Amino acid sequence: MASPSSSSTVGRGAGSKPKSTKLLEVLNALEEEESSHSREEIFIAPPDNASGDFTDEDSGDEDGRRGSHLPGSILHASVVPEDSGTEEEEEEEEEDGLQRQPAMKRQKAAVEPQRVWTKRDIRPDFGPWSASDPHMEDLKSQELSPVGLFELFFDEGTINFIVNETNRYAWQKNVNLGLTAQELKCVLGILILSGYISYPRRRMFWETSPDSHHHLVADAIRRDRFELIFSYLHFADNTELDESDRFAKVRPLIVRMNCNFQKHAPLEEFYSFGESMCEYFGHRGSKQLSAGKPMRLGYKIWCGTTSRGYLVWFEPSQGTLFTKSHRGLDLGGSMVVKFVDALQERGCLPYHIFFDKVFTSVKLMSILRKKGVKATGTVREYRTERCPLKDPKELKKMKRGSFDYKVDESEEIIVCRWHDSSVVNICSNAVGIEPVGLTSHHSGAAKTRTQVHQPSLVKLYQEKVGGVSRMDQNIAKYKVKIRGMKWYSSFIGYVIDAALNNAWQLHTICSHDAQVDLLAFRRYVACVYLESNADMSSQGRRSRRLETESRFDMIGHWIVHQDKRTRCALCHSQTNTRCEKCQKGVHAKCFREYHIR
């Protein structure tokens, strides 16, 4: 959506006045169409003047907000679908009774020469993938702990940057906050812990009631101190904000995290590009309804990931009014080009990008081919540039596994139409039809599994396209539950979750020993941050109890190297290794005995 003051028009005549549509009306209309398999999105971006001071003020109750209990101020706000499509998309929507209000007059597209399509297989001229990844080999040799991997992204520079900007913002509000890096890590630890231990109200962590008190949190930092720090958490200088950027409040953090994500990303051939959602239920949220799935409100994030789900690059969507599109492409295609440009900063290698029909067009395939990048994706028929394939209705009458295909003579771009459970159009500049394989499909009527033919580009697409979905699944499992009242607060939780997902992905690649699952990985980071950075001056006798309990809990203990030699806590001789969680020097040979005695 554009801003809440925008409006959409639903089912209006050619000469009638636009009718303002409320969010509640749109949600009801979408929920009535349960039989529809298409995904409808309603997008509300941050405010147009997101760099203004008022966006630092409260935007709603941070505890207990759920999408099914939205306040009237949201449900009765006027909305408009995001304007990122083409004229053909608008024509399709008019046929369905929904016409969009254009944000600006569209310029006439330049007339391009008509493509010549031929019935043959593609002959790509890309070289083979032969790149090595010395950086990943270096990470493997370091044998980093989960905390060490997480701090590749939230490194010392990023922590100090957040501390400085938060203190600056508090000073601008005439508050002497005095935040330290140690306290910020305690705050991060509590946010991470809230992903797998959550209460209806976050203050319950500090309550003395036996059914809610959490000593790990209560012993790390005082409740009022946490609330004060969290309320002033900031990521940009308010005096130097770019008014044309709706995400100016978090832009420096986005730049830093993208830099760190790309620096430590596994160098692979296959990548996925797609949309993710940063969930948010405040006054400036966004809405996505998927058939058969819970409603999700939040900010749309353009994401480029590896095929396993490591987030390499991300950019929050601001709509077409605030984003300059690449020439000849819509907003989605332009974001793919930006992701490719980011990948090529590590070298102009023959990467292979996979995306769905939201992004794919023959024009995009042509642009990526000129950049030396392979690409494959499903495509809508009107974006095939009049490729003369068999009519979908005719193909549906043929047996499953039937397909038709054509290749553009000038640029070696193939478009294939394949009959599976439905008719699918897929386009590629790198993979062709051969070798045609077989895939097993379940027949509902006969209750048997049958073998159908499957072109090579369809098989590869199905194997490699799911990177963004895997990342979304990992984030959704234990996402940060604590939210503040600023419109960008949930975005910070999304960044933390993405960094933890990436750190865990590196752990699965680099670990020589038994790997831990994502939950154990997050628990380890949270425990170390809370125990190692606790405010010892306010604990008194509690610190000894905390140390004793954590020493024998058999959870998240990791032996790491230390530069300065200290005495082993067990045998008392000099050692250059320590337990990262207990913060005690201990030999590798004494490590197990120290934690069970």
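Considering the stretch 570-597 alone, what residues qualify as being open to solvent by 40 Å² or more (accessible area, probe 1.4 Å), modelled with pLDDT of 80 or more and more than 39 Å from the chain's Cα centre (by Cα)?
Passing the criteria: Cys571, His572, Ser573, Gln574, Lys589, Glu593.
In the stretch 391-413, is there at least one residue being at pLDDT 90 or above and within 32 Å of the chain's Cα centre (by Cα)?
Within the stretch 391-413, one or more residues are at pLDDT 90 or above and within 32 Å of the chain's Cα centre (by Cα).
Tell me which strands (runs of 3 or more DSSP E) are completely within the stretch 386-497 and hold 1 or more residues being within 26 Å of Ser307 (Cα to Cα), or say none if there are none. Even if it seems obvious, please write down each step before you answer.
Numbers: elements: 403-408, 413-419, 423-428, 437-443, 448-454.
Strands (runs of 3 or more DSSP E) meeting the threshold: 413-419, 423-428, 437-443, 448-454.
Can you say whether Ser440 is over 30 Å from Gln142 (Cα atoms) and open to solvent by less than 20 Å² (accessible area, probe 1.4 Å), as far as the supplied structure shows?
On the way: over 30 Å from Gln142 (Cα atoms): yes; open to solvent by less than 20 Å² (accessible area, probe 1.4 Å): no.
Criteria not met by Ser440.
Looking at the stretch 155-174, can you tell me whether even one residue there is free of Cβ contacts under 8 Å to residues at least 24 places away in the same chain and hydrophobic (A, V, I, L, M, F, W, C)?
Scanning the stretch 155-174 turns up at least one residue that is free of Cβ contacts under 8 Å to residues at least 24 places away in the same chain and hydrophobic (A, V, I, L, M, F, W, C).
Yes or no, residue by residue, for (1) touching an Asp or Glu at 6+ places or on another chain (Cβ under 6 Å); (2) under 23 Å from Asp125 (Cβ atoms); (3) open to solvent by 40 Å² or more (accessible area, probe 1.4 Å); (4) not in a helix (DSSP H, G or I):
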residue	(1), (2), (3), (4)
Trp302	yes, no, no, yes
Trp313	no, no, no, yes
Gly333	no, yes, no, no
Lys338	no, no, yes, no
Glu345	no, no, yes, no
Thr360	no, yes, no, yes
Lys363	no, yes, yes, no
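I'm checking my understanding of the structure. Among residues of the stretch 377-407 that are in contact with a His (Cβ under 7 Å, 6 or more places away or on another chain) and in contact (Cβ under 8 Å) with a residue 40 or more places away in the chain, which one is surrounded by the fewest Cβ atoms within 10 Å (Cβ to Cβ)?
Applying the filter and picking the extreme gives Arg400.
May I ask you to list the residues in the stretch 445-496 that are over 22 Å from Lys399 (Cα atoms), at pLDDT below 90 and open to solvent by 30 Å² or more (accessible area, probe 1.4 Å)?
Of everything in the stretch 445-496, those that are over 22 Å from Lys399 (Cα atoms), at pLDDT below 90 and open to solvent by 30 Å² or more (accessible area, probe 1.4 Å) turn out to be Arg483, Met485.
Provide a single number: the residues in the stretch 247-283 that are open to solvent by 30 Å² or more (accessible area, probe 1.4 Å), in contact with a Ser or Thr (Cβ under 8 Å, 6 or more places away or on another chain) and within 14 Å of Ala499 (Cβ to Cβ).
Within the stretch 247-283, residues that are open to solvent by 30 Å² or more (accessible area, probe 1.4 Å), in contact with a Ser or Thr (Cβ under 8 Å, 6 or more places away or on another chain) and within 14 Å of Ala499 (Cβ to Cβ) number 1.
Residue by residue through the stretch 217-248, note down the ones that are aromatic (Phe, Trp, Tyr) and either in contact with a Cys (Cβ under 8 Å, 6 or more places away or on another chain) or at pLDDT below 90 (or both).
Phe226
With respect to Gln288, is the statement that it is surrounded by fewer than 22 Cβ atoms within 10 Å (Cβ to Cβ), modelled with pLDDT of 95 or more and touching a strand residue (DSSP E or B) at 6+ places or on another chain (Cβ under 7 Å) true?
no
The values are calculated or read from the model by the stated rules, or taken from the named source; none is laboratory data. Quantities reported herein were computed from a predicted structural model and do not represent experimental measurements. Ideal geometry is used to build each Cβ from the backbone, glycine not excepted, and the neighbour counts take in all protein chains shown. Calculation scope for accessible area: heavy atoms of the full protein, side chains included, ligands and nucleic acids excluded. Shrake-Rupley method; radii C 1.70, N 1.55, O 1.52, S 1.80 Å.
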